[in-house]
Amino acid sequence: MRRTLALTAATAVLAGLGATAFATTPATTATATATERTHAKKPRPLAGLRILVSNDDSMRAAKASNSDGLGLYELRRAMCAAGADVVVMAPWQVQSGKGTAVSNGGALTVQRRTALPAGYESDCAGAPSGGAVFGVCLAEGGCAPDSPSATPADTVKLALRGGLAAKVGWKGAPDLVLTGINSGPNVAASVNDSGTVGAAVAAIDQNVPAIAFSSSGDASQTFFPRENYRAHAEFGARLVAGLRERGLLTSAFALKVDYPDVSAGQRAKAPAWTRVGAGAVAYHAYERRGSGDTFDIALGLCPVDGGGEGECAEPRRDADSVRLLADGHVTIAPITWDRTYGTPVEARRELGAVQRYVEREAPRP
């Protein structure tokens, strides 16, 4: 069985399935301070690692639903706490569903955000680059609140092709590109639309290792709790540390890491090595207005267990969607840029090594 929601009532769900100050979502300062003290006592396994962070949700973190970039700041926080030098270059506006789209003309402006969301101001104070956060707009001379945005792939390509060198003085490419944390899972057919995944693909196109992170929302999938982002980010830092320690950060393929909802106190299950599902979890539906020429864009939802019909049917037992949404596992799947059907698997040894790490040694949530 499938159901349909009006797009205006489910924009955040669709978002999960593709020098300026803003209103912010407040954080608990006392909690943040205690967390900083805890992190200060821990080893810093990512020391010396340079990380570019981008997403498709923007760098605003202003919406009450937490769907416009709060996950990015949790990811930045966790990576800096583990010792990495982090720079953010992200879309100026929400760009969910843009996939690998790029801007083919005009000019891009990279503008630093000087007032960060409450509770995240000093997360990267000790990093060489200070955890600089930039928004990228499709405009000349400066970015206004309503400026059109660069796409997720734009931000990564720009950063790697001169943006990082110009803005923070990095020579050469970063060691790793992280995208997300997206507001909502990127699984099954929605992976093709995902700007979070598209930005990671842009990185491996340039021979830079990349990981795309996406977190489930609450039961409604219209609100994205900070608890989910934080659990995912801290797991992600340990995952990156393990991959780095074993020499498994590779640009031969990207990794897609999705995290289940843990906001009600449930615990995420162990990481599962998966394939991208062949069915759908959510899809675009088009509803005609009477007998006219206008069609409303709506959101179609499928059963999370893959037991639907037609495009909702999921034939793969190891589908990311089922393992994440129905079974509650953290899911990890390899993603590549190569769209040639039947291409032999390259980097087979690296792929096998990463799979073994995920299945046998990866950190547990």
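The values are calculated or read from the model by the stated rules, or taken from the named source; none is laboratory data. Being a predicted model, the structure only gives us computed values, none of them experimental. No Cβ is skipped: glycine too gets one built from the backbone with ideal geometry, and neighbour counts run over all protein chains shown. Heads up: the accessible areas ignore ligands, DNA and RNA and are worked out on the full protein's heavy atoms, side chains in. Shrake-Rupley method; radii C 1.70, N 1.55, O 1.52, S 1.80 Å.
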Could you please tell me the mean projected area of the C-alpha convex hull for the range 61-166, averaged over all directions and given in square nanometres to one decimal? 7.1 nm²
Expressed per residue, the solvent accessible area of the range 292-365 in Å² (1.4 Å probe) is about 61 Å²
Whole-Å distance linking the alpha carbon centroid of the range 281-333 with that of the range 158-228 is 22 Å
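Starting from the Cα gyration tensor of the chain, take the square roots of the eigenvalues, sort them a ≥ b ≥ c, and report rounded, prolate or oblate (rounded when a/c is under 1.5, otherwise prolate if a/b is larger than b/c, else oblate).
rounded
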Carbon and sulfur atoms account, in whole percent of the 1.4 Å probe accessible area of the range 89-222, for 47 percent
What does the extension gain come out to for E309 and R364, with contour length at 0.36 nm per residue minus their alpha carbon separation? 16.4 nm
Lys, Arg +1 and Asp, Glu -1 on Cβ, resulting dipole of the chain about Cα centre, debye, nearest 20: 1000 debye
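Based solely on its DSSP helices, what 222 nm [θ] is calculated for the chain when runs of n ≥ 4 H residues each add -39,500 (n - 2.57) and the sum is averaged over all residues, nearest 500 deg cm²/dmol?
-7000 deg cm²/dmol
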If the rule is a partner Cβ under 4.7 Å, which cysteines in the chain fail it? none
Would the range 295-365 count as rounded, prolate or oblate if I go by the C-alpha gyration tensor, calling it rounded below 1.5 in a/c and otherwise prolate when a/b exceeds b/c, oblate otherwise? oblate
At 0.36 nm per residue, and after removing the present C-alpha to C-alpha distance, how many nm does the segment from A125 to A101 gain when stretched out fully? 5.3 nm
The ³J(HN,Hα) series, computed from each phi in the range 292-303 with the Karplus coefficients 6.51, -1.76 and 1.60 at θ = phi - 60°, rounded to the nearest Hz and given as x for glycine or proline, is x, 9, 9, 10, 7, 8, 10, 10, x, 10, 9, x
Where the range 65-220 is the region considered: accessible area per residue in Å², 1.4 Å probe: 30 Å²
For the range 164-170, 3J(HN,Hα) per residue [Karplus equation, 6.51 cos²θ - 1.76 cosθ + 1.60, θ = phi - 60°, Hz, x = Gly/Pro]: 5, 4, 6, 8, 10, x, 5
Assign one of three labels to the range 185-273, namely rounded, prolate or oblate, based on the Cα gyration tensor with a ≥ b ≥ c the square roots of its eigenvalues; rounded applies when a/c is under 1.5, prolate when it is not and a/b is larger than b/c, and oblate otherwise. oblate
